[in-house]
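These notes concern the structure reproduced below.
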Amino acid sequence: MTVLAPPPDRVARSSNPTGGRSKPVVWMVLPALVMFTAFGVVPLLGVLGLSFTQWDGIGEIKPAGLDSWTAVFTEPGLLHSLWVTFLVMALSWVFQTPMSLLIGVFLAAHKRYRGFLAVLYFIPLLLSSAAIAITFSALLNPNFGLGAGLGIEWLNQDWLGQGNLALGVLVFVVSWQFIPFHSLIYQGGIRQIPTSMFEAAEIDGAGKVRTFFSITLPQLKYTIITSSTLMVVGSLTFFDLIFVLTGGGPGDSTRVLALEMYQTGFKANLMGPASVIAVILVLVGLGLALLLRRLGGGSSTDSQLEGA
């Protein structure tokens, strides 16, 4: 039997350790790099530069040194806004993570109506945050809202007029909007777990609860880190929903750092201090992302089946 040799050009391509693909890969990455630099790095450097200036948004930009930084860090409202931001972040994570995980497990296991339910659960994420805020504000109105219409006394409260209630409503609305997104993340993570692991657990006599805590949850380690990172860092940018729903009130009970930045820059016309707050938001988000990555024991993009 005669063995045919591969063509010379194919031999040459296979002998190349890079496969001749290094240049195309560079050209494929270049557009994304240019976009990230133009719309990410350059604006960030611009905001950092503005934090050392004095500007009202219209007139001349004047150098101010560290005056804006000093003004922000000596402002008592900064610590309160930072506390409210972390409080909303923590409560949102505590509420969203278990619900997203359970819904993701349910959607991954339910075969018959999985597609329909996935679309149904995804609807809140497609709605505008401003529209959601207006809707919940009308539903929770103590005069003509849901409680008054149904005659349920418990619902007929001034939900947005009391500090603790307003904060609870804010966390609930935020969670209601973003739980579908994280449910899809967990659903995709569960589908990556080999079915042989579940079959082995079933043969060993493990029930659904034992299987969940012994197989499903450990295998979703990096998925949980990824979801938590998106959830925590994303909570730093909550603005439109809070602005429409509570406006930071009552008082300053829901005045998060992003809202503080807006009111400082566009209501008080202090672009220097507003830029300082923006830089603080970036640093806090970066620090939290690195902390979560560290707590995960490695990269959140590592293989989900590591150690399986």
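The values are calculated or read from the model by the stated rules, or taken from the named source; none is laboratory data. On a predicted model such as this, the values are computed, not experimentally measured, just so you know. FYI the Cβ positions are ideal-geometry reconstructions off the backbone, even for glycines, and counts take in every protein chain you see.
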Is it the case that Leu167 is of a type outside the set (S, T, N, Q), in contact (Cβ under 8 Å) with a residue 12 or more places away in the chain and loosely packed, with under 14 Cβ neighbours inside 10 Å? no
Residue under evaluation Leu102, criteria (1) within 29 Å of Tyr262 (Cβ to Cβ); (2) assigned to a helix (DSSP H, G or I), criterion not met: (1)
What pairs come out if I take residues in the stretch 72-89 that are assigned to a helix (DSSP H, G or I) and pair them with residues that are among the aromatic types (Phe, Trp, Tyr) whose C-beta lies under 7 Å away, six or more apart or interchain? Val88/Phe238
In the stretch 272-288, is there at least one residue being under 26 Å from Met99 (Cα atoms), in contact (Cβ under 8 Å) with a residue 40 or more places away in the chain, of a type outside the set (Gly, Ala, Ser) and not in a helix (DSSP H, G or I)? no
Any idea which residue in the stretch 123-152 is farthest from Phe239 (Cα to Cα), counting only those that are surrounded by 14 or more Cβ atoms within 10 Å (Cβ to Cβ), of a type in the set (Gly, Ala, Ser) and touching a residue at least 40 places away in the same chain (Cβ under 8 Å)? Ser137
Matching residues in the stretch 171-205 - criterion: being without any contact (Cβ under 8 Å) to a residue 60 or more places away in the chain and either farther than 22 Å from Trp93 by Cα or assigned to a loop (DSSP other than H, G, I, E, B) (or both): Thr195, Ser196, Phe198, Glu199, Ala200, Ala201, Glu202, Ile203, Asp204, Gly205
Any residue at all in the stretch 206-221 that is buried (at least 20 other Cβ atoms within 10 Å of the Cβ), in a helix (DSSP H, G or I) and assigned by TED's automatic domain parsing to the domain that holds Thr85? yes
Looking at (1) part of a helix (DSSP H, G or I); (2) over 18 Å from Val279 (Cβ atoms); (3) at pLDDT below 90, find the lone condition where Ile58 falls short. (1)
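Each row is one residue, and each column tells you yes or no for (1) among the aromatic types (Phe, Trp, Tyr); (2) in a helix (DSSP H, G or I).
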position	(1), (2)
Leu117	no, yes
Phe122	yes, yes
Leu125	no, yes
Ala130	no, yes
Ala133	no, yes
Ser137	no, yes
Pro142	no, no
Gln157	no, no
Val169	no, yes
Can you tell me which residue in the stretch 236-264 is surrounded by the fewest Cβ atoms within 10 Å (Cβ to Cβ), limited to those that are polar (S, T, N, Q) and farther than 16 Å from His80 by Cα? Thr237
Checked the stretch 102-122 for anything of a type in the set (Gly, Ala, Ser) and either surrounded by 15 or more Cβ atoms within 10 Å (Cβ to Cβ) or over 30 Å from Leu220 (Cα atoms) (or both); matches are Gly104, Ala108, Ala118
For the stretch 91-136, name all the residues that are among the hydroxyl-bearing types (Ser, Thr, Tyr) and touching a helix residue (DSSP H, G or I) at 6+ places or on another chain (Cβ under 6 Å). Ser92, Ser100, Tyr121, Ser129
Do we have Thr2 as modelled with pLDDT of 90 or more and exposed (fewer than 11 other Cβ atoms within 10 Å of the Cβ) here? no
Residue list for the stretch 222-268, filter: part of a loop (DSSP other than H, G, I, E, B) and closer than 23 Å to Leu283 by Cα: Leu236, Thr237, Phe238, Phe239, Gly248, Thr254, Arg255, Val256
